[in-house]
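This report concerns only the one structure given below.
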């Protein structure tokens, strides 16, 4: 039994179009079309000029993140039955559009790379693996699951206003993921790396990132944790310094 | 002491931490003010002259004026940091941002003088 559904999709092909425009589709869906991605593939059968990214189609690769009825999410795990019609689909905001729903994520990954998202450990490689206690391993829960779809970062106004300077929730959560890793030895450098007034501190806790994350993660908590750790580290550094003395009386 | 950490060594944390610390000062003052107002109750007398006298008595002690001054300085600093953040977010022309920041700075300094004048003229 076919079911009709209305869509309004952002279209822009820079080679042809002067300006982006919204194109309406009224599509007959089949019973097996359960998720938004299924509907998009159905649309593509009728209009193969529509461009979008997709890969795993089960919420693991993070390719088909887009703005769905005003909220960022993954098309492949968004149920059609829960969407209001017409379903308005736009590319993720705050990044340059390459074509239709495909955005250029270079800036996003530059920020990701800038937090050095890999284990830094100068000890000689052990014969097997670097061991970790279950408690230490548990500290990475809620962060390692990030699939880097970009939904959080592109829904963050601080990233819209300062895309070149603010690392964004996704990058900062990965910074925290490696700061919290018991096997990592570069905690000091990682915290220092986020010191300027923009990279970390542009976060004003509006929590759009938490609201949209398709994996139900909490980048805001990760950012708050980095801020706390930076204070702790600064306190330790201050304690280590010899006390200042004025007229022989130690102050501070 | 957290105040020790407000150095140029931590340009980002300094701004963020200052805003939190000034917020703590303001919260403590407001809490104490509400409690004091409830205990002393410098209002609700039959004539306005009595109310006025009670109010003057309430605000006159030097420690109260100094506490109010400390609160207001925290408020101005908090506001300065907040406005600087907003300008950093929304005004990308550095010259324009500089002038807007300067206007805010001047207003806040004038407020401070005005406040001192009010506090020591009741």
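The values are calculated or read from the model by the stated rules, or taken from the named source; none is laboratory data. Remember, predicted model here, so these are calculated numbers, not experimental data. When we count neighbours, we look across all protein chains shown, and the Cβ atoms used for this are built from the backbone with ideal geometry, even at glycine.
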- [ ] May I ask you to say which residue of B:107, B:84 is part of a helix (DSSP H, G or I), under 30 Å from residue A:160 (Cβ atoms) and at pLDDT 95 or above?
- [x] B:107
- [ ] Among the candidates A:15, A:33, A:38, single out the residue that is at pLDDT below 95 and under 28 Å from residue A:213 (Cβ atoms).
- [x] A:33
Open item on the list: It is to be established whether one or more residues within the stretch B:59-70 are out of contact with any helix residue (DSSP H, G or I) (no Cβ under 8 Å at 6 or more places or on another chain), assigned to a helix (DSSP H, G or I) and surrounded by 13 or more Cβ atoms within 10 Å (Cβ to Cβ).
Closed with: no
TODO: Give just the number: which of (1) within 28 Å of residue A:231 (Cβ to Cβ); (2) away from every other protein chain (no Cβ under 14 Å) does residue B:14 not satisfy?
DONE: (2)
- [ ] Mind telling me which of the residues A:151, A:170 ends up being assigned to a helix (DSSP H, G or I), in contact (Cβ under 8 Å) with a residue 60 or more places away in the chain and surrounded by 15 or more Cβ atoms within 10 Å (Cβ to Cβ)?
- [x] A:170
- [ ] Would you mind telling me which numbered condition in (1) in contact with a helix residue (DSSP H, G or I) (Cβ under 9 Å, 6 or more places away or on another chain); (2) more than 17 Å from residue A:213 (Cα to Cα); (3) outside any strand (DSSP E or B) residue A:9 fails?
- [x] (3)
TODO: Filter the stretch A:7-30 down to residues that are touching a strand residue (DSSP E or B) at 6+ places or on another chain (Cβ under 8 Å) and loosely packed, with under 13 Cβ neighbours inside 10 Å, then give me how many there are.
DONE: 6
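Determine whether residue A:188 is over 20 Å from the mean Cα position of the chain (by Cα) and outside any loop (DSSP other than H, G, I, E, B).
Against the criterion (over 20 Å from the mean Cα position of the chain (by Cα) and outside any loop (DSSP other than H, G, I, E, B)), residue A:188 qualifies.
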Task: Checking residue A:188 against (1) away from chain B (no Cβ under 14 Å); (2) without any contact (Cβ under 8 Å) to a residue 60 or more places away in the chain; (3) under 30 Å from residue A:124 (Cβ atoms), the condition it does not meet - done: (1)
Task: Count of the stretch A:56-78 residues which are within 17 Å of residue A:34 (Cβ to Cβ) and not in a loop (DSSP other than H, G, I, E, B) - done: 6
